[in-house]
Structure formats: structure tokens, C-alpha cells
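Peer 1: The structure under discussion is supplied below as C-alpha cells; questions concerning it will follow.
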Amino acid sequence: MAKKAHVTVTVNGDEYEALCEPGQTLVDLLRNELELTGTKEGCSTGDCGACSVMLDGKLVCSCLVLAMEADGRSVDTIEGMATENNLHPLQRNFLELNGLQCGICTPGILIAARALLERNPDPTETEIRYWLAGNLCRCTGYDKIIRSVMAAAEEMRGA
Amino acid sequence: MTDLRYESPETLDAAVALLAGAGDGGHVLAGGTDVLVLLHSEIIAPKLLVDIKRIPELKGIREEEGGFRVGAATPAMELVDHAKFRAVWPGVIEGVNLIGSVQVKGRASIGGNLCNASPAADSVPPIIAAGALASIVGPGGLREAPVEEIITGPRRTSLKKGEMIVSFRFPKRPPHSGDCYLRLTPRTEMDIAVVGAGVSLTLDDGGVCTAARVSLGAIAPTPLLVKDAADALVGTKVDDAALERMAEACRAACKPISDKRGTKEYRIKTAGVIARRAAETALQRARGN
Ligand code: FES
Ligand code: FES
């Protein structure tokens, strides 16, 4: 049997502990041990971006991180995006401008888009498209996603 | 995967000892963007994963003797975001930027891209063109090797059992130097190179090329350093005739396969075109600094 080990990880500011196997991924830890199922798993190979989270402030695919690699680190997921009564401007604009249909890609895209706006509050359409190239969507055709991000960016710059 | 063990040593000595102790069952884990996919699809079945990301020498970008030393496990995004490195080696950054999505680059490293030993790895030709040296540690101690000597075939490297790359040394850049990496893909993003070309060159005050290195990817079982292509540029003003001789040397060096991304003939023809365009951009950059 593989040797399990305790992993301590801070998710959205709260500390969690779980017993993990060496091959177990961070997305598996989040969804199946911590029951934070907002983060989705699509491909498990780093191609679709559905599992995007922030690891110590860096945008990563949580299917390409081992739970044990996250030991002692901090993770930000979609569950930490809205405050108690307020959606994040990205979330609100996605709802208003139909930036989602089935919603499977949405948590990953929101996390990735927020990471972009933190380093570049005024991205061009092209910059948004390149930044989100690692997030696949089977439903929207992308245009509404891009428009939602642009609208949120504008709103956030004004705020 | 049932008896897999994970270790994350904090010193080079500890990592070397772990790998030596594991024999054939040990596998280095850097950013994991290739290793975890291979692991979960059971293409590799190591008994021990040695995560090297907690070892200080493997991380970060430092200035050294007028050049740079880059930890082998430094995430690609850290290189892309390093303004000074980007200004000196824009061609290396062009290759690094194509390793994958932002998410993948948040983990993937140039050491990993090299050791994964794909013929089409985008960061490898510009790093070969840059003349970078790999520092390698193993049971026999430290050694240094040119990057073009690391990949020996698809998924095969010249690293000996228990060895791993610690860092890369990018030499000091003389004035009037420029580099560029270009690749040909059907899509602009998230694709694998049909052909890739890295060119680095240096001019004297009169605009004559005094040094050049040309490297091609995806046109042979390994990325190639094409000496004849560089020789075609050295001693010239990198004029049309020199560029055409360089392109011809590139075409002559290709030993490609035909696959769904392109036929042999297409790869050979476009290798000349892409190398020439990369050289033209490297030339402009060299003239500008
Ligand atoms: S599930 Fe991680 S990228 Fe698709
Ligand atoms: S909304 Fe369905 S995959 Fe994007």
C-alpha cells in the first residue's frame, strides 16, 4: 500500500488537514476530501483549465499538482470568490452577459480571469483571449466569455 | 502506483541520496506538467517521486558573472515575468511562452521541458541557440554540459542514473546581440510545433556577424544545433545571400518524420522559411542594442 501522509493546506483562508496518498492530485483533495466541489475536473491532463486554482498566488491546474505538493501552501478556489452578500464583478457580469451555459468551465475561467485582471486591469480583447487559451468551453463559443471579462474589467476600473 | 512514495528534500545532497537509493524506481518531479500525466496514464510507474521544488538551487533567476543562472525547476511564468531576463533573451522567452497555457506555465520549468525530451519542446531550440550550459548533479558530483548534448532521442537524455539538472547558465551577452524563436503551428496557441527555429547572433560595430548559433526543433528525433547554418552567417552582414545559405543549411540538416502535423517535405521546406524569419528578427534585435 502507498504510504499516506497528512497534508495541511489553507484553502480560501481556512486551514484543512487530510490524509492523502502520494499519487492523489490537488483537485481530488479539494473535491473528494474537502468537499469543495466548485473546482471542476475535465481532462486531468492540463488541457482544459476547468480545475484552475491559485496556488500561493499563482494560477495553476490543480489536476497537475499533487496534494502532497500543496502541503503547507495556500490555495484559492471559486468558493472564495464571492463575499457573503456580493458576487465578484466577474461573476455578476458572467450572469448578466450570458458568459456561461452549462457552467462546467466557469469556475476555472473566473479564477483565470481574476488572475489576469490582478496583473493587468485593462487588458485588450486579444490579451484576454491569449490568457484564457488554456480554458476550454464547449458551450458558449467564447465571445460572451470575453465580453463578460471586458465588462467586469471596466466596472472594476471604475470602482 | 500502489506503492508510490513522495519525498520533497530541501537540499541537493538529500535529493541525490534519495535518487541513488531508489535505483531505477526513482523519478524527479519538477513542475509535474508532464510527469503527472505520464504517471496517471501509467506510462511511467516510479516507486519514488523526488519533488525538487523545495531545493533553493533549483529555484529562481540570479545574475551571475554578467549573465544569468536559472534554477532548473523555476516556473516558466517566473521567467516570462522577469523584465531583465526578457530584455536580454527575448528569443528564449518566446520559446518559454509557448510551453503551454498560463496555468501550465505556472508549474512547468525549462529543466522539465528539456528532460521530458520531446523533439518539439518549444523552449529547447532557443536555449540551445543561447549557448546555455546545464549544471548537473549526481552520485559523481557536479558537472556542466551544453544543453544540445542533453536530449539523445525522443524521451531519452544523456543524464546518467541518479543525475538531475540543477540550473542553467546563460552566458554574458556582448553588445549588438539578438535572439529569436519562431515556430510553425496550425493554431496560434496550445499546439505542438511542426517546425521551430531558434537563432542567436552577435554583430560587430560595423554590422558584421561575429558569432551565431542556429537550432531547429521538431524536424529530427532531437532538437538540433545546426553548425553549418551558423557558419553561413558568420563573417557576413546577414544579407539576403547569407540568409539563403543559412536556410539551405537548415533544410539540409532536417531529418523529419511525416505525421498528422506535416509531411517530411513540408517540414523541410518550412524549416528554411521559419529559420530565415527568426534570423531576420534576431538581426533587428541585435542592431537595436
Ligand atoms: S482537469 Fe485540469 S486541466 Fe483539465
Ligand atoms: S459553459 Fe459549458 S463548457 Fe463552458
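Peer 1: Going through the cross-link list A:Lys58/A:Lys144; A:Lys40/B:Lys105; A:Lys3/B:Lys105; B:Lys227/B:Lys255, which pairs have a Cα-Cα distance over 22 Å in this structure?
Peer 2: Those over the limit are A:Lys58/A:Lys144; A:Lys3/B:Lys105.
Peer 1: Moving to a separate point now. How much accessible surface area, in Å² rounded to 10, belongs to the heavy atoms of B:Val273 with a 1.4 Å probe?
Peer 2: Its heavy atoms expose roughly 60 Å² to the probe.
Peer 1: What does the accessible area per residue of the stretch A:1-41 come to in Å², with a 1.4 Å probe and no ligands, DNA or RNA counted?
Peer 2: 52
Peer 1: Would you kindly derive the ³J(HN,Hα) couplings of the stretch B:197-209 from the backbone phi angles with the Karplus curve 6.51 cos²θ - 1.76 cosθ + 1.60 (θ = phi - 60°), listing them in order in whole Hz, with x for Gly and Pro?
Peer 2: Using θ = phi - 60°, the values come out as 9, x, 10, 10, 8, 10, 10, 8, 4, x, x, 8, 6 Hz.
Peer 1: Please state the relative contact order of chain B as a whole percent: Cα pairs under 8 Å, 6+ residues apart?
Peer 2: Reported as a whole number, the value is 16 percent.
Peer 1: For B:Lys160, go through the lysines and keep the ones whose alpha-carbon is under 21 Å away, minus same-chain ones fewer than eight residues off.
Peer 2: B:Lys47, B:Lys53
Peer 1: Tell me the per residue accessible area of the stretch B:5-50 using a 1.4 Å probe; a whole number in Å² is fine.
Peer 2: Per residue, the stretch B:5-50 has 45 Å² of solvent-accessible surface.
Peer 1: So what is the 222 nm mean residue ellipticity for chain A from helices alone, if each DSSP H run of at least 4 adds -39500 (n - 2.57) and you divide by all residues, rounding to the nearest 500 deg cm²/dmol?
Peer 2: Result for chain A, helices only: -8500 deg cm²/dmol.
Peer 1: Separate question: Among all the aspartates and glutamates, which ones have a C-alpha under 16 Å from B:Lys260's C-alpha, if same-chain residues fewer than 8 places away are not counted?
Peer 2: The qualifying aspartates and glutamates are B:Asp191.
Peer 1: So which GluC sites (Glu not before Pro) in the stretch B:110-210 pass both tests, a DSSP loop state and at most 16 other Cβ atoms within 10 Å of the Cβ?
Peer 2: B:Glu189
Peer 1: Further question: Restricting to DSSP H runs of at least four residues, report the calculated mean residue ellipticity at 222 nm for chain B, -39500 (n - 2.57) per run over all residues, nearest 500 deg cm²/dmol.
Peer 2: -9500 deg cm²/dmol
Peer 1: Am I reading the A/B interface right? What is its buried accessible area, both sides, 1.4 Å probe, to the nearest 100 Å²?
Peer 2: Chain pair A/B: roughly 2300 Å² of buried accessible area.
Peer 1: If we count GluC sites (Glu not before Pro) as exposed when they sit in a DSSP loop and have at most 10 other beta carbons within 10 Å, what is the longest stretch of chain A that avoids them all?
Peer 2: Value returned for the longest uninterrupted segment is A:85-159.
Peer 1: Can you give the FRET efficiency to the nearest 0.05 for B:Arg287 and A:Arg138, using r as the Cβ-Cβ distance and R₀ = 56 Å?
Peer 2: So the FRET efficiency works out to roughly 0.75.
Peer 1: What distance in nm lies between label points placed 7 Å from Cα along the C-beta direction at B:Asp240 and B:Glu63?
Peer 2: 4.2
Peer 1: So, counting K/R as plus one and D/E as minus one, what does the shell of residues with Cβ under 9 Å around B:His176 add up to?
Peer 2: Residues near B:His176 contribute -1 overall.
Peer 1: Tell me the label-point distance for the pair B:Ala252, B:Arg156, using the 7 Å Cα-to-Cβ offset, in nm and rounded to one decimal.
Peer 2: 2.7
Peer 1: With the solvent-accessible surface defined on protein heavy atoms using a 1.4 Å probe, which residues belonging to the stretch A:56-91 display a reduction of at least 50 Å² in accessible area in the multichain context relative to the isolated chain?
Peer 2: A:Leu59, A:Leu64, A:Leu66, A:Glu69
Peer 1: Which residue, A:Leu55, B:Gly198, B:Ala253, has the largest displacement toward the positive end of the dipole of the protein assembly as shown when charges sit on each Cβ (Lys, Arg +1; Asp, Glu -1)?
Peer 2: Working it through, the farthest residue towards the positive pole turns out to be B:Ala253.
Peer 1: On full extension of the chain, what length is gained from A:Thr126 through A:Glu79, given 0.36 nm per residue of separation minus the C-alpha to C-alpha distance?
Peer 2: Result for the pair: 14.1 nm of gain on full extension.
Peer 1: Treating only the Cβ of Lys, Arg, Asp and Glu as charged (+1, +1, -1, -1), what charge dipole size does the stretch B:68-216 show about its Cα centre? Round to the nearest 20 debye.
Peer 2: Charge dipole of the stretch B:68-216: 420 debye, to the nearest 20.
Peer 1: Now for a different question. Report the net charge of residues surrounding A:Ser44, where surrounding means a beta-carbon distance below 14 angstrom and charges are Lys +1, Arg +1, Asp -1, Glu -1.
Peer 2: -3
Peer 1: Tell me, what is the percent relative contact order of the stretch A:5-80, built from C-alpha pairs under 8 Å that lie six or more residues apart?
Peer 2: It comes to 40 percent, rounded to a whole number.
Peer 1: Turning to a different aspect of this structure: Counting only heavy atoms of protein chains, what accessible area per residue, in Å², does the stretch B:57-170 have with a probe of 1.4 Å?
Peer 2: 33
Peer 1: Can I ask one more? Taking Cα pairs under 8 Å and at least six residues apart, what relative contact order does the stretch B:57-170 come out at, in percent?
Peer 2: Across the stretch B:57-170, relative contact order equals 28 percent.
Peer 1: Ranking request for peptides B:278-289, A:44-55, B:102-113: highest mean number of other beta-carbon atoms within 10 Å first, then the rest in descending order.
Peer 2: Packing proxy ranking, top to bottom: B:102-113, A:44-55, B:278-289.
Peer 1: Where in chain B are the DSSP H helices whose alpha-carbon span along the long axis reaches 24 Å or more and whose Kyte-Doolittle mean is at least -1.0?
Peer 2: Counting only whole DSSP H runs, the qualifying helices are B:264-287.
The values are calculated or read from the model by the stated rules, or taken from the named source; none is laboratory data. Predicted model only: the values in this text are computed from it and were never measured. Because the Cβ atoms are built from the backbone with ideal geometry, glycine has one as well, and the counts that use them run over all protein chains shown. The area values use the complete protein model at the heavy-atom level, side chains included, leaving out ligands, DNA and RNA. Shrake-Rupley method; radii C 1.70, N 1.55, O 1.52, S 1.80 Å.
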